Structures are given as structure tokens and as C-alpha cells.
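Here is the structure we will look at.
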Amino acid sequence: MSEEPIEVTIRKYALQNAIFFKGTGNPKAVIGKILGGFPEYRSKTAELTPMINSIMAEVNAMGFEAQTNELQKMDSSLLVREKKERIYELPALDNVVEGKVVMRIAPGPSGPLHIGHTRVSILNDEYIKRYGGKLIVRYEDTNPEKIEPDAYEMISEDLEWLGVNINETIIQSERFEIYYDYTKKLIEMGKAYVCTCNADHWRELKEQKIACPCHDLPIETQLERYEKLLAGEYDEGEAVAVIKTDLAHPNPAVRDFVALRIVHHPHPRTGTKYIAYPMMNLSVAIDDHLLGMTHVIRGKDHLNNTLRQEYIFDYFGWKKPEYYHYGLVNIPDTVLKTSLIKQSIKAGEYTGWDDVRTGTVRAMERRGIKPEAIRRYWIESGMKSVDIQFSWDNLYGMNRDIIDATSNRYFFVPDPVRYDIEGIDVLKGQAPLHPDHPERGNREYIVDGSKTIFISADDSKTFVETKKIRLKDLCNLDYSTPAKYSGNDVSILKHGVKAIQWVGRNSVKTELLMPDGTILNGLTENAILKEHNNSVQFERLGFVKIEENTPENIRAVFTHR
């Protein structure tokens, strides 16, 4: 049994619960804490409940600052939240030979990576780190109309920032001759053909499980057509190379599929050197074999592609990789499509690929989202086949766990309103740089001279209405012009007086870029000028990443609450 009165114990836990939940506690949580820690009181629940409800109501009326001060005096150890570490691990891969696993990331270089792309990148990287082997990045650039020339380098930089270790880089536009050779072999084996039928008619026949007139032409005729296709004697849409599958297959999508098509659009890397462009299923199957893929992870939207590619593996007698298909992810409230982002950049609507209104990896980095948080998110999501809804709140929570301990606290006042104070010569106060790390020291406040401070326009309205406020960590004020000093008793918070952020005359002009692209202009206390970390917390607003920190101006980007 506790040696202190039960009322004191209840008050401690009530204060702790309120502090952990931003000033408003839940009496049911306190009841659970008491009964769990002191079994001898379980028979007295009916007596304790009214007492806990009463104490919780009193604590909730105090305000966050007063709650924290009181618990600091009663038992400061309860201010530290105990974190129960849950271990998440990806499922084991089948048929693994330790140190010999080969996997790949296969981006299309239409722009930099976005948050959705990070899933497959991180999952592959996690398995290579777990088992040992090789991770290949393969740029699938066989659609020349959708290539952003700078994307190759941007994707490489994005992967490096994510902590993804690439062992080898492959570019498919450098491998066309390989794809041509294997396509010719398939034609010679009677497993592929060159089709000159109308594309719509060809698809209609497939739907009816009927071979087109080109399907069974002699191999010699097919090879002649193939040479003409490579030589550019057909125009776009006039001929394609097709892989034969099973025209009676129950899934129409798996029936004969296009392997090569004619494209006259110049390629950013190879210009007009080639006009016969491999389709994804041809180039991917050939590369997965030649590069020695042992395991392939992809979304379940590729299930049909896997079935198509397995035909090529079977025709050549190649050993297939182990395939894994995870569920699709819906990422709400985010611009991900690179073509739209590129268009908006050209139109001057976005500032660049790192515009905070987008979901690019570069935007995540700019906002202060840590790669460790993104990695944790996808590991915890796992590889289940069910579709999922991406949760920005969950990602922010994981990021908060990483940056909270290193982010010192500062006052930021948006839309500042000036107040002069009378009734005292000098005002002094202090606040910790970080409430959980007293060893870092305090921010010291001295307001003298004209005793001028600034508060936000919203807080100024509150001051006018309520006639009394508390300047956090400094003093209490009564409303008048100028404002009047009314002591430093924090107990006024118990009576509903609001504690607000403030800054002095030596504060620094600040521009805070918000996630919707708007700028929040304000003032930040000048203690921030000594800050060396680029991640800080503007108290009661949220975490921000500092881009510029000078006495003339601070530029920062909002991370999350």
C-alpha cells in the first residue's frame, strides 16, 4: 500500500494524465491506474470514483502550465512518459540463401520519388539488410514521352536520403539490343509473332479467344516482319511484336500481350537511335532473369504482369523469382502524379519538386519528416495483400517520436500585436529549452525599458474580451492601455485565465511556410538565434524545420503538430 494519502496519489496520476493529453485528463484512466497499481483498493471502487472525478475536474480546470508546475514539485519522474517499444518485423521470405538474395527497385524516371514509391524501396532494402545480398535500382525508361531527364539523379538522391543502399544501377534504355535478341529467339521458338492487325480488332479477337491472322504465320515470315519492324519500315501503330500465351486463358488480360511497339518520339538519353521500344513485361522478365532476381516485391496491381512475365520464364526454362504482391495504398490529400507537379512547376504554381503541397520525398525532407519515420511506417504496414489507407497522422506520430527529444522549444507569435506594460520596472522569467532535458538550460527573459511585448492577434482578442491573461513563464496582465502588471501567481490558471505565447522587442521576424503553401508571418523569441538544430518546436503550434536563422530573418517550414 502507498505510504502517502490516496488523495495525493490520485492527484499525481490526474496531473500526469492531464499533462500527457494536452491539459485535459480522463478520470477513467486514473481509476485504471489506481486499481492496477493498488489492488487493495479494488473493493473500494464505489468510494474512490467520486473522489477521482472531483480531483480530475479540479486538475482539468488548472491549465497545462499550472498542471506541469504542480507535478514537477510533487513528483517530477511522472512527467516522463514511459514508452513501450513494440517490435515490428517483416515476414520471412521463402527459399532464401543467406548472402545471395538479389532484389530490385524499378522506378520510372518521370520525376523524383514520392511517398508512395518509398514503400517498395524500403521493403526491398530491409530484406537485403536482413539477409545479405544485392539491391539493384533499375530505371525503367522505355516510355520516352514520360521521362524527366533530371529524374535519374533525383531518384538516386532520394534513395540515398531514405537510407536505401543501392549496390548496382541498371538503365533499360541502354539494353535495347538485349531485348531485341531475346524477342528474336522467342519468334524463332514460335512463341512470339509480329502483328500488323488493327489494334482494336486484335483486342476484340482476344476477348473472343480467337487468334488474329498474324498469329500463326510461318516463322520465316515472322522474322522478315521483325527485321522490318527494327529497321523502321512500319509506322507507329502499324506493327507490334507480341508474346504468345494461352488464348483460352480465363483472364483476358493474360492472353497474348505486346512485347515491342514503334515509337518515333526521341528518347532523352538515346535520341532517335531506336524506334522499337520494349514494353514493360518483356524488358522486366528478361532483366529479372539476367540480373539474377531471387525475390520480387510489387503491388498486387502487378498480379497480371506477373502471370504474363512467367510465360517468358517458362519459354526459356528460367528459374522464376519468388513473387510477393502487397495490397494497394490510397494516399489522401496529396499531389503525387509527377506530370501534374511538373506542369504546376512550369506554370509557376509550385516552387519546385520540393513544394510542400506535394507528396514528393523532397517535400518530406524539406518539411522535416525523417527517413527513419517513413521506414518505420512501411515496416509496420508490412506486406499484407489487403489494401490500406495511408495515415498522415500515424506518420507524423512516428516522426514526432524521433524529433521530439532533440527539438528545443521557443515562442512564436503570428500576426503580432504590440502591448506596453506598466506597474513594474523590470520583468524577468525563464523557461527550459526542453522540458525533458533540464541539462540544456533555460531561455532567460528580461523585459525592461518601455516593457514592450507582442502577442498574437487572436490572443489579443481574448485579452480584450476576458480582461486578464498570463504571459507564459513571465507574469499576469490586466487589460488596459497600456496593459497593467498584476503579479506572477500561476494559480489564476485554475480560474480559466489563458496562458499565451509572447515575445519581446528583440524578437526576430519570422516567415513560416505552412503545408497549404501559405506564409504565416510573425515574431520568434531571439533565443532561437543560438539554436544549432534545424528542428525545433514552436510552443503550442507545432514542430518546424528551420531553413534560415539570422538576426534579420527566420525562415521555417511547418512539420506537424
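Quick note: the coordinates plus some simple rules give every number you see, no bench work behind them. As the structure is a computational prediction, the values presented were derived from the model and not from experiment. Because the Cβ atoms are built from the backbone with ideal geometry, glycine has one as well, and the counts that use them run over all protein chains shown.
The table below gives the values:
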quantity	calculated
Straight-distance crosslink candidates among lysines, where the alpha carbon sits under 22 Å from residue 451 and sequence neighbours closer than 8 are dropped	428, 461, 467, 468, 472, 484, 498, 509
Extension reserve of the residue 210-residue 74 stretch, reckoned as 0.36 nm per residue once the Cα distance is removed	40.6 nm
Within the chain, helix-based [θ] at 222 nm, where runs of 4 or more DSSP H residues each add -39,500 (n - 2.57), nearest 500	-10500 deg cm²/dmol
The stretch 6-79: proportion of alpha-carbon pairs further apart than 21 angstrom, %	19 percent
Beta bridge orientation in the chain: antiparallel %, DSSP, nearest 5	65 percent
DSSP-loop trypsin sites (Lys or Arg not before Pro) across the stretch 149-244, with at most 14 other Cβ within 10 angstrom	209
In the stretch 45-105, the trypsin sites (Lys or Arg not before Pro) that fall in loop regions by DSSP, at most 15 other Cβ within 10 Å	81, 83, 84, 86, 100
Within-13-Å neighbourhood charge of residue 527 [Cβ basis; K, R +1; D, E -1]	-1
Under 5 Å, built H, 5+ apart or other chain: amide partners of residue 170	137, 138, 139
Whole-angstrom Cα spans of the stretch 338-403 along principal axes, big to small	38, 31, 15
Table column - 3J(HN,Hα) (Hz), the stretch 514-523, Karplus curve with 6.51, -1.76, 1.60, x for Gly and Pro	8, x, 8, x, 7, 10, 9, 8, x, 10
Relative packing of peptides 252-265, 352-365 - highest average C-beta neighbours within 10 Å first	352-365, 252-265
Table column - 3J(HN,Hα) (Hz), the stretch 38-53, Karplus curve with 6.51, -1.76, 1.60, x for Gly and Pro	9, x, 5, 8, 4, 7, 10, 4, 4, 7, 6, 4, x, 5, 5, 4
Under-5 Å amide H pairs with residue 245, H placed in peptide plane, nonlocal only	256, 257
Charge dipole (the chain, unit charges on Cβ, about Cα centre) - positive-most of 99, 445, 71	71
Dipole-positive endmost among 317, 358, 426 within the chain (Cβ charges, Cα centre)	426
J(HN,Hα) series, the stretch 360-370, from Karplus relation 6.51 cos²θ - 1.76 cosθ + 1.60, nearest Hz, glycine and proline x	5, 4, 5, 5, 4, 4, 5, 6, x, 6, 7
Debye, to nearest 20: dipole size of the stretch 154-208, +1 on Lys, Arg Cβ, -1 on Asp, Glu Cβ	440 debye
Per-peptide average of other Cβ atoms within 10 Å, ordering 25-31, 442-448, 497-503, 245-251 highest first	497-503, 25-31, 442-448, 245-251
Among 272, 374, 154 the positive-end extreme of the charge dipole of the chain (Cβ point charges)	374
